[in-house]
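Undergrad: Before anything else, here's the structure in question.
Only the coordinates and a few stated rules stand behind these numbers; no lab work does. Note that the structure is predicted; figures quoted are calculated from it, not measured. Here the Cβ positions follow ideal geometry from the backbone for every residue, glycine too, while neighbour counts run over all protein chains shown.
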Amino acid sequence: AGFFTYDPGFMATASCHSAITYIDGEQGILLYRGYPIEQLATKASFLEVAYLLFYGELPTKAELAEFERVIMTHTMLNENLKDFLNGFHYDAHPMAILCGVVASLSAFYHDSIDVHDPRYREISAHRLIAKVPTIAAAAYKHNVGEPIMYPRNDLRYGANFLHMMFATPCEHYKPTLLAEKALNLLFILHADHEQNASTSTVRLAGSSGANPFACVAAGVASLWGPAHGGANEAVLDMLTEIGDVANVPKYIEKAKDKDDAFRLMGFGHRVYKNYDPRAKIIREVCHQLLDEMSGTLDNPMFELALKLEEIATNDDYFVERKLYPNVDFYSGIIYSALGIPRNMFTVMFAVARTVGWVSHWMEMMSDPSTRIGRPRQIYHGPAARDYVPISQR
Ligand code: CMC
C-alpha cells in the first residue's frame, strides 16, 4: 500500500514539461511559443501558426512555402475510406465519424507509424494536419447526402476546407476573403491550449507508444464532451432555448441553482480566472464579421449572447467564482454566419486542435524523460475476503 496525493481533475498536478504554450489564468495571457495570441490571431496564417507550434519558431517565407506544399500534398484520403464512411448512418454525428475515421488511418499507414523514428513521426503529424480537414468535410457531406469533394491543393488551407464543405460537383464554390479570414482566426485561436483534457488524453495514449492516429482519435473523443470542445455546440443550443433577452434572468437563476444540472455553456474555465483572451478576440471581431457578411447575419443570437454575458458578469454568483465567457461562447455565432451547421462546431475545433495534439505528441515522444502515464488511486473498496461458492450466497 502507498499514500498518494489525491488530486481529482489534476487541479495541482503538472504532468509534463512543455515549451509549446503558456497560459497565465489570473492575467488572461495566452502565448504560443512566446508569441501573444492577439498578435498571431490578427497577423499570421493558420499554417504559419501550425509551423510555429510544431517546430518551435516562426517560419521564413521559404520554410512556410515548403510546409504549405508538404501539408497540401497529404490532403487526399485513401479511396477505400469512402466505403468506410458510407457505412455510417446518414445522420451520424460528425464527431462520431471523425473519431472512427481518424483512428482508421492507422490501418492505412502502418509503415509510417514506427514511433521511435523521428522522420516517421513527422510524416504522421503532417498527414494528420492535412487529412483531418478532409475527413471533417467528408463527414459533413455524408450528413447532407452530397458527394464528397476532393481537396484542391491549389487553394490555401482554409479556402480548401470551405471548398470541400460547400462546393458540389456541379457547383463551384469560391469563399469570400472575409470567410477565409474568419476561419483562419478561429483555427488559430483553437490550435493549442497546453494540457487540456484532449491534449492530455493524446499524451497519455501516446505514452504507451501507441501510434499517433490512434492517439489523436482518443483526443477527438475527449474533445467531444460538453465540458470541453462540445461546449460550442451546446452554447448555440442554449441560446436557442433561451430564445429571447427577456428570458435571460430565468436561465441565470437556473445556472446558479445547485439542484439544477443546467450550467451556462461557454462560461467558466479551469485555468482562466479572468476573461479568456480568446473570447475577447472573438467578441471583438464578431460585430465586424457579422456586419460584413450580409445575407448570412445571425445577429439576434449575438445580441442575446452579449446580453447574457452582461447580466452574468454583473451577478455575484459569477463574479465570486470568476466565471467569464470562454473561447466557445462566441465561436459558434461566427461558424453559423459562415454557414457551418451546429453539429460541425466541435469538428471545427478538432480540425484546429489537431495541430496542438500532434505538437504535444511530438514533444513528448522526443523527451527522454517521458514515461508511461500511470496515475495511482486511493482504494476504498472492500478489504480482502474469501470467495463464497454460489450455492451459499
Ligand atoms: N455555469 C454555472 N456555474 C458554473 C459554471 C457555469 N458554466 N462553471 C462553473 N460553475 C460553478 C460550479 O458550479 C462551481 O460552483 P461551487 O463552487 O459553488 O460548487 C464553481 O463554479 C467551480 O466550477 P468547477 O466545475 O469546479 O470548475 P472546473 O474547473 O472543474 O470546470 C469547466 C471548468 C469549464 C468545465 C466549467 O466551468 C463548465 O462546466 N463550464 C461550462 C462548459 C464550457 O463552457 N466548457 C468549455 C471550456 S473552455 C474550452 C474547452 O475546453 O473546450
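Undergrad: Which helices count as membrane-span-like in the chain under these terms: full DSSP H, at least 24 Å along the axis by C-alpha, Kyte-Doolittle mean of -0.5 or more?
TA: Numbers: long enough: 118-144 (39 Å, -0.20); 345-365 (30 Å, 0.86).
Going by DSSP H runs, the hits are 118-144, 345-365.
Undergrad: So, one more: Kindly state, to the nearest 0.05, the FRET efficiency for residue 83 paired with residue 380, given R0 = 51 Å and r defined as their beta-carbon distance.
TA: So the FRET efficiency works out to roughly 0.60.
Undergrad: Using the 10 angstrom Cβ neighbour count as an exposure proxy, how do 131, 61 rank, fewest first?
TA: Listing 131, 61 from fewest to most nearby Cβ atoms yields 61, 131.
Undergrad: Okay, moving on. For segment 96-212, just say rounded, prolate or oblate: build the C-alpha gyration tensor, square-root its eigenvalues into a ≥ b ≥ c, call rounded for a/c under 1.5, and beyond that prolate if a/b exceeds b/c, oblate if not.
TA: prolate
Undergrad: Ranking 361, 224 by Cβ neighbours within 10 Å, fewest first, what do you get?
TA: Details: 361 26, 224 21.
Ranking 361, 224 by Cβ neighbours within 10 Å, fewest first, gives 224, 361.
Undergrad: Under 20 Å from a point placed 7 Å out from the Cα of residue 69 along the Cα-to-Cβ direction: which residues of segment 26-53 have their backbone N that close?
TA: Within reach of a label on residue 69: 45-52.
Undergrad: Something else: Given 82/131; 258/307; 43/280, which pairs have Cα atoms separated by over 19 Å? Don't skip to the answer; put the middle values down first.
TA: On the way: 82/131 14 Å; 258/307 23 Å; 43/280 16 Å.
Long pairs (Cα-Cα over 19 Å): 258/307.
Undergrad: Related question: Using only the Cα atoms of the chain, build the gyration tensor, take square roots of its eigenvalues as a ≥ b ≥ c, and label the shape rounded, prolate or oblate: rounded if a/c is under 1.5, else prolate if a/b is larger than b/c, else oblate. Spell out each step's value before the answer.
TA: Details: a/c = 1.41, a/b = 1.06, b/c = 1.33.
Rounded is the answer for the chain, as its axis ratio a/c remains below 1.5.
Undergrad: If you don't mind, another one. Any idea what the dipole of the chain comes to, in debye rounded to 20, about its Cα centre with Lys/Arg Cβ at +1 and Asp/Glu Cβ at -1?
TA: Computed charge dipole of the chain: roughly 860 debye.
Undergrad: What distance in nm lies between label points placed 7 Å from Cα along the C-beta direction at residue 4 and residue 22?
TA: 3.2
Undergrad: Between rounded, prolate and oblate, where does segment 178-243 land on the alpha carbon gyration tensor, with a ≥ b ≥ c its root eigenvalues, rounded for a/c under 1.5, else prolate if a/b exceeds b/c?
TA: The shape class here is oblate.
Undergrad: What net charge is computed for the residues neighbouring residue 315, neighbours being all others with C-beta under 12 Å from the C-beta of residue 315, Lys and Arg scored +1, Asp and Glu -1?
TA: Values: positive: 256, 321; negative: 253, 309, 310, 316, 320.
Combined, the nearby Lys, Arg, Asp and Glu give -3.
Undergrad: Near residue 152, within a Cβ-to-Cβ distance under 15 Å, what is the net charge of the other residues, with Lys and Arg +1 and Asp and Glu -1?
TA: Result for the local shell: +1.
Undergrad: Separate question: Testing the spin-label approximation: label points 7 Å from Cα along Cα→Cβ at residue 310 and residue 14. State their distance in nm.
TA: Inter-label distance under the simple model: 4.2 nm.
Undergrad: Could you please state, rounded to a whole Å, how far the C-alpha centre of segment 255-315 is from the C-alpha centre of segment 125-198?
TA: 25
Undergrad: Follow-up. Using alpha carbons only, how many angstrom separate the centre of segment 96-123 from the centre of segment 54-75?
TA: After rounding, the separation between the Cα centres reads 20 Å.
Undergrad: Among 103, 227, 12, determine the one that fluctuates most according to a GNM of the chain built with springs between C-alpha atoms less than 10 Å apart.
TA: The residue that fluctuates most here is 12.
Undergrad: Also, quick follow-up: For residue 259 and residue 35, calculate 0.36 nm times their separation in residues minus their Cα-Cα distance, and state this gained length in nm to one decimal.
TA: Full extension of this stretch gives 76.4 nm more.
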